[in-house]
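Trainee: Take this structure first; my questions come after.
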Amino acid sequence: MDAKKLEILMTAVDLGSFSKASEVVGYTQSGLTHLVNSLEREIGFLLIVRSHNGISLTEQGRELVPAIRQFLQANANLENRIQAIAKQQMETIRIAAYASMAMCWMPEILYRFRRICPNVDVDLRMVDHALEPFELLEEGKTDVIFASRQDVGKCEWTPLYQELLYAILPKNYPLEGRREFPLKEFEGKDFLMPYGRFDIDVHRTFGEAGVKAKEQTVYVDDETVIRMVGKGLGISMMSELMIRGNTDDVCCVPVTPRSLRELGMGTEKGVALSENMQKLKDCVLEYIREAEQRKGVGTNCFTKL
């Protein structure tokens, strides 16, 4: 049964006139009449009574109308579901993440997501600038970000993990058995500052402790900073994921007072998550929950001492 013919028939019946219906459906009046005649021949009995006052249903037509409307509604539901599935298959989720989070978290998260959404593409972009994820989200160039909480932009923020900050010291630094590094001890020492505005977290920590180090900004990646510390060119401070196991030539000691930065997931403010975005978020929360139970969200990425 041709759903289009039935839909046009119901339009004509509702309006009570072929001429009015023809204006709505885009057919000529003669074309619409021919279509209804064809439908009646297909069914095997008359559906419409024509008069100078317009059209009306025959008794058989009135009997069929509830079933026709039910059929059209079911057909519309089917088409909507087909379109929704097709949209899911074509969807691409764009992710912008700090390199540390992308390297330590995303492989396992995306592996889990791919298992439940195999037809959804993921475009993962690593950023080297602490504020860049928020800028990309605000500009509509990414769908979800993984970053540390910053006082910039507006997004729906989901806290994920409180990440410890560590002092990065040469192997021969005189710790004298200490397993923590007082922030005050940074005072006056040559300090290799992480680049890409990751100094924001360092400056916040130093500011709260009233510390002024002899800052040296180096435009290199985290691993190179760590290697420079290993060669005695200065000391530094990084979060646990930034260290990523590159600790062969250095000591990584938690600072005291205990300092943290909040890592989280951000999406567009006030916009409901798509079905697939919600599934991605569920994968993220499940991964973080399991990792925290193992007490290994960040510490599996490096050796502290």
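The values are calculated or read from the model by the stated rules, or taken from the named source; none is laboratory data. These figures come from a predicted structure and were not determined experimentally. Quick reminder, even Gly has a Cβ in these numbers, built from the backbone with ideal geometry, and neighbours come from all protein chains shown. Heavy atoms of the whole protein, side chains included, go into the accessibility calculation; ligands, DNA and RNA do not. Shrake-Rupley method; radii C 1.70, N 1.55, O 1.52, S 1.80 Å.
Trainee: Any idea of the accessible area per residue across the chain, 1.4 Å probe, to the nearest Å²?
Mentor: Details: 16430 Å² over 305 residues.
Counting only protein heavy atoms, the per-residue value for the chain is 54 Å².
Trainee: Next question. Return the loop-located trypsin sites (Lys or Arg not before Pro) in segment 169-225 (DSSP other than H, G, I, E, B) with at most 15 other Cβ atoms within 10 Å of their own Cβ; answer none if there are none.
Mentor: Details: sites: 171, 178, 179, 184, 189, 197, 204, 212, 214; in loops: 171, 178, 179, 189, 197, 212.
In loop regions of segment 169-225 (DSSP not H, G, I, E or B), the sparsely surrounded trypsin sites (Lys or Arg not before Pro) are 171, 178, 179, 189, 197, 212.
Trainee: Right, next: Over the chain, with a single point scatterer placed on each C-alpha, what log10 of the ratio I(q)/I(0) does the Debye formula yield at q = 0.08, 0.11, 0.13 1/Å?
Mentor: For the chain, the Cα-only Debye profile gives -0.54, -0.74, -0.92.
Trainee: What is the percent carbon and sulfur in the accessible area of segment 155-251, measuring with a 1.4 Å probe over the protein chains and ignoring ligands? Spell out each step's value before the answer.
Mentor: Details: 2170 of 4610 Å².
Roughly 47 percent, rounded to a whole number.
Trainee: Please state, to two decimals, what the Cα-based radius of gyration of segment 72-126 comes to when divided by 2.2 N^0.38 Å (N = residues). Show your work: numbers first, answer last.
Mentor: Numbers: Rg = 15.8 Å, N = 55, 2.2 N^0.38 = 10.1 Å.
It is 1.56.
Trainee: P(r) of segment 1-96 in 10 Å steps, Cα pairs, percent per bin?
Mentor: 14, 40, 23, 11, 7, 3, 1
Trainee: For the chain, which longest stretch is free of loop sites, where a loop site is one of the GluC sites (Glu not before Pro) that DSSP puts outside H, G, I, E and B and that has at most 15 other Cβ atoms within 10 Å?
Mentor: Between the exposed loop sites, the longest stretch runs 1-138.
Trainee: What list of ³J(HN,Hα) couplings, whole Hz, do you get for segment 39-55 from phi and the Karplus terms 6.51, -1.76, 1.60, once you set θ to phi - 60° and write x for glycine and proline?
Mentor: Values per residue, Gly and Pro as x: 5, 5, 5, 5, 6, x, 7, 6, 10, 10, 10, 9, 8, 5, 8, x, 10 Hz.
Trainee: Grab the beta carbon distance between residue 175 and residue 138, set R0 = 51 Å, and tell me the FRET efficiency rounded to 0.05. Before the final figure, lay out each step's value.
Mentor: Working: r = 43 Å, r/R0 = 0.84.
Efficiency, rounded to the nearest 0.05: 0.75.
Trainee: Students often get this wrong, so check it: of 154/279; 4/279; 141/281, which have C-alpha atoms separated by over 29 Å?
Mentor: Working: 154/279 22 Å; 4/279 36 Å; 141/281 19 Å.
Going by Cα-Cα distance, 4/279 fall outside the 29 Å limit.
Trainee: Where in segment 239-288 are there trypsin sites (Lys or Arg not before Pro) that are in a DSSP coil and have at most 16 other Cβ atoms within 10 angstrom of their Cβ? If you can, show how the numbers build up before the last one.
Mentor: Working: sites: 244, 258, 261, 269, 279, 281; in loops: 244, 258, 269.
When the trypsin sites (Lys or Arg not before Pro) of segment 239-288 are filtered for loop state and at most 16 Cβ neighbours within 10 Å, 258, 269 remain.
Trainee: Same structure again: So what is the relative contact order for the chain, in percent, with contacts set as C-alpha pairs under 8 Å and at least six apart?
Mentor: Working: 447 pairs, mean separation 58.6, N = 305.
It comes to 19 percent, rounded to a whole number.
Trainee: Could you run the Karplus curve 6.51 cos²θ - 1.76 cosθ + 1.60 with θ = phi - 60° over segment 183-200 and give me ³J(HN,Hα) per residue in whole Hz, x for Gly and Pro?
Mentor: Values, residue by residue: 4, 4, 6, 6, 3, x, 8, 5, 10, 7, 7, x, 9, x, 6, 6, 5, 4 Hz.
Trainee: Please go through segment 46-145 and write out the trypsin sites (Lys or Arg not before Pro) that DSSP classes as loop and that have at most 13 other C-beta atoms within 10 Å.
Mentor: Values: sites: 50, 62, 69, 81, 87, 94, 112, 114, 115, 125, 141; in loops: 141.
For trypsin sites (Lys or Arg not before Pro) across segment 46-145 that sit outside H, G, I, E and B with at most 13 neighbouring Cβ atoms in 10 Å, the list reads 141.
Trainee: Sticking with this one: How large is the helix-only mean residue ellipticity at 222 nm for the chain, computed as the sum of -39500 (n - 2.57) over DSSP H runs with n ≥ 4, divided by its residue count, in deg cm²/dmol to the nearest 500? Write down the numbers at each step before the final one.
Mentor: On the way: 11 runs with 135 residues, N = 305.
For the chain, the value works out to -14000 deg cm²/dmol.
Trainee: Measure off, as a whole percent, the carbon and sulfur share of the 1.4 Å-probe accessible area of segment 1-82, all protein chains present. Could the numbers behind the result be given before it?
Mentor: On the way: 2700 of 5220 Å².
So the carbon and sulfur contribution to the accessible surface is 52 percent.
Trainee: Efficiency by 1/(1 + (r/R0)^6): what FRET value for residue 75 and residue 50, r their Cβ-Cβ distance, R0 = 25 Å, to the nearest 0.05? Please list the in-between numbers first.
Mentor: Values: r = 27 Å, r/R0 = 1.08.
My answer for the efficiency is 0.40.
Trainee: Continuing with this model, one more query. Please give the net charge around residue 223, taking every other residue with its beta carbon less than 12 angstrom from that of residue 223, where Lys and Arg add +1 and Asp and Glu add -1. Write out the running numbers ahead of the final one.
Mentor: Numbers: positive: 227, 244; negative: 221, 222, 248, 249.
Taking every Cβ under 12 Å from that of residue 223, the sum is -2.
Trainee: Sticking with this structure for a sec: So what's the gap between the Cα centers of segment 215-230 and segment 44-59, to the nearest angstrom?
Mentor: 86 Å
Trainee: Also, I was wondering about something else. Among all stretches of the chain without exposed chymotrypsin sites (Phe, Trp or Tyr not before Pro) (DSSP loop, at most 13 other Cβ atoms within 10 Å), which one is longest? Don't jump to the answer; show the numbers that get you there.
Mentor: Values: sites that count: 45, 219.
Result, exposed sites excluded: 46-218.
Trainee: Would you please calculate the Kirkwood hydrodynamic radius of segment 219-283 over all C-alpha pairs and express it in Å, rounded to one decimal?
Mentor: Working: mean 1/r = 0.0666 Å⁻¹.
That comes to 15.0 Å for segment 219-283.
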